[in-house]
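As structure tokens, the structure follows; a few thoughts come after it.
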């Protein structure tokens, strides 16, 4: 899987009926240092990620392993919104607003 | 499958229900010499590996077969903790960390 940022949404009124009612988000792939890679995907959003959220997405036939995308022509699926990640023991990213649930803000 | 080194960890509370309790590690893929090769990926972990460990990662939909709940959108899972791997060609042999 890869880390990505939801940077847009796709609205396609004329599409395969198996893709109807699926929320399609444009996800910019990010590297482990929170820098954009030169890749993006259109991914089915199975957990309601918001604009600008950092997420995890899976690709290939694994993306069909959810009740929403099972049996559908989908090859990329968002399955988690990221709270934080660290590399080599150093915090790289932490979602703002986590203070509300007792996570003190970190200097990133 | 491919070799990798665990370099970090991802925390996500909002995730698909089937994935609760599954650790998500950041893995730097390695080539057969132990040198970095390709982009870091995020992989589920079934062998409780920690930062710095050398592991081998199962790719694609098969990655879900190592998980308690296999019906999840996962395309990479750490399935082995590597103590040592040998390469019969020239060049240094790579020693992994011993098991903790």
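Would you confirm, using the coordinates I've provided, whether residue B:77 is more than 14 Å from chain A (Cβ to nearest Cβ), touching a residue at least 24 places away in the same chain (Cβ under 8 Å) and closer than 27 Å to residue A:67 by Cα?
It is false that residue B:77 is more than 14 Å from chain A (Cβ to nearest Cβ), touching a residue at least 24 places away in the same chain (Cβ under 8 Å) and closer than 27 Å to residue A:67 by Cα.
Say we look at the stretch B:41-58 and pick out the residues that are assigned to a loop (DSSP other than H, G, I, E, B) and surrounded by 22 or more Cβ atoms within 10 Å (Cβ to Cβ); which of these is farthest from the other protein chains (Cβ to nearest Cβ)?
Restricting to residues being assigned to a loop (DSSP other than H, G, I, E, B) and surrounded by 22 or more Cβ atoms within 10 Å (Cβ to Cβ), the top hit is B:49.
Given A:87, A:55, which one is touching a strand residue (DSSP E or B) at 6+ places or on another chain (Cβ under 6 Å), over 20 Å from residue B:14 (Cβ atoms), facing chain B (nearest Cβ under 9 Å) and buried (at least 20 other Cβ atoms within 10 Å of the Cβ)?
A:87 is the lone residue from the list that is touching a strand residue (DSSP E or B) at 6+ places or on another chain (Cβ under 6 Å), over 20 Å from residue B:14 (Cβ atoms), facing chain B (nearest Cβ under 9 Å) and buried (at least 20 other Cβ atoms within 10 Å of the Cβ).
Taking residue B:72 as the residue in question, decide whether it is assigned to a strand (DSSP E or B), buried (at least 18 other Cβ atoms within 10 Å of the Cβ) and either within 15 Å of the chain's Cα centre (by Cα) or at pLDDT 95 or above (or both).
No, not satisfied.
Restricting attention to the stretch A:65-78, and to residues there that are out of contact with any helix residue (DSSP H, G or I) (no Cβ under 7 Å at 6 or more places or on another chain) and at the interface with chain B (Cβ under 9 Å from one of its Cβ atoms), which single residue is nearest to residue B:72 (Cα to Cα)?
By that ranking, first place goes to A:66.
Tally time: how many residues in the stretch A:60-80 are in contact (Cβ under 8 Å) with a residue 24 or more places away in the chain and within 15 Å of residue A:25 (Cβ to Cβ)?
8
Hey, among B:17, B:12, which residue is within 10 Å of chain A (Cβ to nearest Cβ) and at pLDDT below 95?
B:17
Only one of (1) more than 22 Å from residue A:65 (Cβ to Cβ); (2) touching a helix residue (DSSP H, G or I) at 6+ places or on another chain (Cβ under 9 Å) fails for residue B:35. Which number is that?
All conditions are met except number (2).
Taking residue A:6 as meeting all but one of (1) free of Cβ contacts under 8 Å to residues at least 60 places away in the same chain; (2) surrounded by fewer than 23 Cβ atoms within 10 Å (Cβ to Cβ); (3) more than 8 Å from chain B (Cβ to nearest Cβ), write down the number of the exception.
All conditions pass for residue A:6, except number (1).
The values are calculated or read from the model by the stated rules, or taken from the named source; none is laboratory data. Worth saying up front: this structure is predicted, and the values here are computed from it rather than measured. All Cβ positions, glycine included, derive from the backbone under ideal geometry; neighbour counts span all protein chains shown.
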